[in-house]
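Please read the structure below before turning to the comments.
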Amino acid sequence: MKSFASWHVEFPDSTQLNEMIPSLIERAGGVDRLISVRNEVKPEFFEVDLSLWIKDSQEQEGGFVDSETLSLLSRLGVCLSLGFYERGGAQ
């Protein structure tokens, strides 16, 4: 039997993509703490999964993940997953 753990954080609509991952890492205790937990638990799969709403406007904004954040994710050995959803689309 495999186990699964996850937690959910909701950001204000004004939060930019490049702010989300560092905030999640900080809320979870920082990179060193997460590495310590990962080394203790030894998960088969470790993922940061961002579910992002498509904005309801004509001015769609893109997003980016900077090289420092990519480096943090690499140190953690996590997979980055992005899901894009339309508000009110699936109910």
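Derivation of every value follows stated rules applied to the coordinates shown; laboratory data play no part. Remember, it's a predicted structure, so these values are computed and weren't measured experimentally. Reconstructed Cβ throughout: ideal geometry from the backbone, glycine too, with neighbour counts over all protein chains shown.
Quick notes on this structure:
- Relative to the longest principal axis of the Cα atoms of the chain, helix 31-41 runs at roughly 60 degrees.
- Contact order, relative form, for the chain: 35 percent (alpha carbon pairs under 8 Å, 6 or more residues apart, mean separation divided by residue count).
- The angle between the Cα long axis of helix 67-76 and the main principal axis of the chain comes to about 40°, on a 0 to 90 degree scale.
- As a size descriptor, the averaged projected area of the C-alpha convex hull of the chain was calculated at 7.4 nm².
- Taking Cα atoms only, the orientation of helix 17-27 departs from the longest principal axis of the chain by about 40 degrees.
- Antiparallel DSSP beta bridges within the chain, percent to nearest 5: 0 percent
- Rounded FRET efficiency, nearest 0.05, which uses the C-beta distance separating Phe45 from Ser23 and R0 of 22 Å: 0.50
- Comparing Arg75, Arg38, Arg27 in a Gaussian network model of the chain (Cα springs below 10 Å), the most mobile by mean-square fluctuation is Arg27.
- Cα-Cα separations in region 1-54 greater than 12 Å, expressed as whole percent: 72 percent
- Local electrostatic count, Ile21, Cβ distance below 14 Å [Lys/Arg +1, Asp/Glu -1]: -4
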